[in-house]
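Notes follow the structure.
The values are calculated or read from the model by the stated rules, or taken from the named source; none is laboratory data. This one's a predicted model, so the numbers in the text were calculated from it and none came from an experiment. Cβ placement follows ideal geometry from the backbone for every residue including glycine, while neighbour counts extend to all protein chains displayed.
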Amino acid sequence: MPIGRQAAGLVGWLVVCFAASAVGALASVQARSFYADLQQPSWAPPGWVFGPVWTALYALMGVAAWLVWRSGGFRSNRPALLLFLVQLAVNAVWSWLFFAWRLGGLAFLDILALAALIVATLVAFWRARPLAGALLVPYLLWVAFAAALNLAIWRLNPAMLG
């Protein structure tokens, strides 16, 4: 595959990932003040941690998808890359459920579905290109942590998170 096409592919997958991030960010415009107003478990990270962590995770996701795409194109890796796109959409929906619509229970169900989709994507990526699967491990770990945090915050704030 020519270098120019590889570079364009990398940029394309990063754009897809950060576009999903932007969709979630639209729902999170008031997230900082809303998050600060919520009762938090003692182990909750400060709000400023989320931006840098998610930026790094979206970059890793983009590189992982690019590696799979590079190993045979979309046609050869259609199931893995479609799984990736579905989990990306489910990821973006979480911010709307939690921050915009303040539905803690539905956000928790969404993040559980997201974790399952990440596991499936990780396995599919690993089969196509082990490094691509490995690049999704930090994402899976963070989402598992975020699921526990979602549950704890929802239980601590039933009036604010329906």
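From (1) touching a residue at least 24 places away in the same chain (Cβ under 8 Å); (2) of a type outside the set (A, V, I, L, M); (3) over 25 Å from Ile3 (Cβ atoms), pick out the condition that doesn't hold for Phe18. Failed condition: (3).
It is to be established whether one or more residues within the stretch 137-152 are over 18 Å from Leu82 (Cα atoms) and either aromatic (Phe, Trp, Tyr) or not in a helix (DSSP H, G or I) (or both). Yes: the stretch 137-152 contains one or more residues that are over 18 Å from Leu82 (Cα atoms) and either aromatic (Phe, Trp, Tyr) or not in a helix (DSSP H, G or I) (or both). A count restricted to the stretch 116-148 and to residues that are surrounded by fewer than 21 Cβ atoms within 10 Å (Cβ to Cβ), among the aromatic types (Phe, Trp, Tyr) and in contact (Cβ under 8 Å) with a residue 40 or more places away in the chain stands at 1. The residue that is nearest to Asn150 (Cα to Cα), counting only those in the stretch 26-40 that are assigned to a helix (DSSP H, G or I) and modelled with pLDDT under 85, is Ala31.
Take the conditions more than 30 Å from Pro2 (Cβ to Cβ), touching a residue at least 40 places away in the same chain (Cβ under 8 Å) and outside any helix (DSSP H, G or I) and apply them to Ala107. Does it pass?
Spelling it out, it is not the case that Ala107 is more than 30 Å from Pro2 (Cβ to Cβ), touching a residue at least 40 places away in the same chain (Cβ under 8 Å) and outside any helix (DSSP H, G or I).
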